[in-house]
Amino acid sequence: MLAGISTACLYPQPTEEALKYVTGIGVQAAEIFFNAPSELKDAFTRQLRRIADDGGTKIVSVHPFTSGLEPLLFFSEYKRRYYDGIELYKQYFHAANMLGAKFLIFHGNRRESSLSYENYFDLYGEVDYQAKKMGIRLAQENVPRCTSCCPEFFRRMRDYLPDSCFTLDIKQALRAGFSLEEMAASMGRNIVHLHISDHTEQCDCLPIGKGTLELGKFLRQVKELGFDGGVLLELYNHSYENQCELADSYETLLKTVENM
């Protein structure tokens, strides 16, 4: 396992400035949250790679700012937009390759959609196939507002697409009303990436150590399932008071990961 931080924690700081902070505190791994189309240009991506390399930080994943458009791009009845959507996402796959990342975090279709799971998986599978051809994998994340809100979705996806990759997000599981144990079990050995945060009954997104999360217990559970990937702190910028608190949260995460 590698402990890290998503640049999303520092939004709305410019992506390169967020990465400079992350590498500056010596994190092992980072996730790049792209926030604008211009950030997908090669010159900008090379700049990010230099920042990461200079800080000794491995970029393990990327997150598209177009996640909210994925229902429109990939799960409508308009096929031309679907194939144009794949071409758009190839820009992310290319950027991920330049950064040395292996996964693109994918949200998917809206929860209210009448599209069947099977049709969803067929459409997803083609996008993932195109990603694989470029050395990248989609990592389907559990998101309350999306079809991927529940454990049943992931159990069905594993059966239909045994090679699929999953991102487990703690706060999103709790927000959807499911326990971490149930969500992790449904994803099984297909978990490749984690979004970590702490929580209480009153707040579902807090720095590590500020809530009731038994982090070691949770990481042992996913390790027993075969997980050995990036454990990335992902907080909202209103979830912590200052950057020192963010750094302290990472240090707690790192120590826990090192004891696994």
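Read-outs: derived from the displayed coordinates by stated rules, not from any lab. Note that the structure is predicted; figures quoted are calculated from it, not measured.
Give the separation of the Cα centroids, segment 204-260 to segment 1-52, in Å.
So the separation of the two Cα centres works out to 18 Å.
Could you go through segment 112-123 in sequence order and give the Karplus-derived ³J(HN,Hα) for each residue, using 6.51 cos²θ - 1.76 cosθ + 1.60 with θ = phi - 60°, rounded to whole Hz, and x for Gly and Pro?
Values per residue, Gly and Pro as x: 7, 5, 8, 4, 5, 4, 4, 5, 4, 5, 5, 5 Hz.
Can you pick out the pairs among Lys133/Lys223; Lys41/Lys223; Lys90/Lys217; Lys133/Lys210; Lys41/Lys217 whose Cα atoms lie more than 32 Å from each other?
Details: Lys133/Lys223 28 Å; Lys41/Lys223 36 Å; Lys90/Lys217 37 Å; Lys133/Lys210 42 Å; Lys41/Lys217 41 Å.
Checking Cα-Cα distances, Lys41/Lys223; Lys90/Lys217; Lys133/Lys210; Lys41/Lys217 exceed 32 Å.
Before anything else, pin down the relative contact order of segment 2-258: Cα pairs under 8 Å, at least 6 apart, normalised by residue count, whole percent. Working shown, then result.
Working: 477 pairs, mean separation 48.4, N = 257.
Reported relative contact order: 19 percent.
Give the value in nm², to one decimal: projected area of the alpha carbon convex hull of the chain, averaged over all directions. Before the final figure, lay out the partial values.
Working: hull surface 50.1 nm².
For the chain, averaging the hull's shadow over all directions gives 12.5 nm².
Taking θ as phi - 60°, what are the ³J(HN,Hα) couplings along segment 202-208 by the Karplus curve (6.51, -1.76, 1.60), each to the nearest whole Hz, with x for Gly and Pro?
8, 9, 9, 8, 9, x, 4
How big is segment 132-260 along each principal axis, measuring the range of its Cα positions in Å and listing the largest first?
Taking max minus min along each principal axis of the Cα atoms, segment 132-260 gives 43, 29, 28 Å.
Can you spot the aspartates and glutamates whose alpha carbon is less than 19 Å from Lys58's alpha carbon? Ignore those fewer than 8 places along the same chain.
Within reach: Glu16, Glu17, Glu31, Glu39, Asp42, Asp228, Glu234, Glu251, Glu258.
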